[in-house]
Amino acid sequence: MTEQEHGGPACDAAISLAFSVLGKRWNGMILDALSSGPLSFVSLKRTVTGISDAVLSDRLSELAETGLVTRDVDAGPPVAVSYALTPQGERLIPVLQQLGAWASENLTVSERA
């Protein structure tokens, strides 16, 4: 049975697509960190507290594949790699800020033992 047959509306495909990217742990925080400008891998790792090198690398690759982040290599010397938001990524920042404001006003964090 489809959602429609159960009497409820089907999930919007665009919302599902957005959350397939934004719903992954760390992606929103990485995008937020890049909102103030390009950062190196080390700077991102420092800014996104608690993320491992491997996960940060994976998430940056995924965000680049979706067209939200670019990876720029400066041949140097020394070689320097920086990550920055694309225009599509920049257009997402006001949405993330609104989501954060909504969360601050409407969600409570429960204490876990």
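The values are calculated or read from the model by the stated rules, or taken from the named source; none is laboratory data. No experiment lies behind these values; they were computed from the predicted model shown. Cβ placement follows ideal geometry from the backbone for every residue including glycine, while neighbour counts extend to all protein chains displayed.
Annotations for the structure displayed:
- Candidate set: the range 81-113, residues that are acidic (D, E) and exposed (fewer than 12 other Cβ atoms within 10 Å of the Cβ); chosen: the one nearest to the chain's Cα centre (by Cα): E105
- Tally, over the range 58-113, of residues that are part of a helix (DSSP H, G or I) and not polar (S, T, N, Q): 22
- Just so you know, in the range 67-80 the residues that are surrounded by 13 or more Cβ atoms within 10 Å (Cβ to Cβ) and β-branched (V, I, T) include one that is farthest from the chain's Cα centre (by Cα), and it is T70.
- Enumeration of residues in the range 10-22 that are exposed (fewer than 11 other Cβ atoms within 10 Å of the Cβ) and either in contact with an Asp or Glu (Cβ under 9 Å, 6 or more places away or on another chain) or of a type in the set (V, I, T) (or both): A10, C11, I15
- Taking the range 65-89 as the range and being under 14 Å from G37 (Cβ atoms) and acidic (D, E) as the test, only D72 passes.
- L92 in contact with an Asp or Glu (Cβ under 7 Å, 6 or more places away or on another chain), in contact (Cβ under 8 Å) with a residue 60 or more places away in the chain, under 28 Å from A14 (Cβ atoms) and not hydroxyl-bearing (S, T, Y): no
- The number of residues in the range 27-56 being of a type outside the set (V, I, T) and under 20 Å from P94 (Cβ atoms) comes to 12.
- Of all residues in the range 23-37, those that are surrounded by 14 or more Cβ atoms within 10 Å (Cβ to Cβ) and touching a residue at least 24 places away in the same chain (Cβ under 8 Å) total 9.
- Applying a threshold of 6 Å to beta carbon distances and a minimum spacing of six or more residues, or different chains, the list of pairs starting in the range 39-62 at a residue that is more than 13 Å from M29 (Cα to Cα) and modelled with pLDDT of 95 or more and ending at one that is of a type outside the set (S, T, Y) and surrounded by fewer than 12 Cβ atoms within 10 Å (Cβ to Cβ) is empty.
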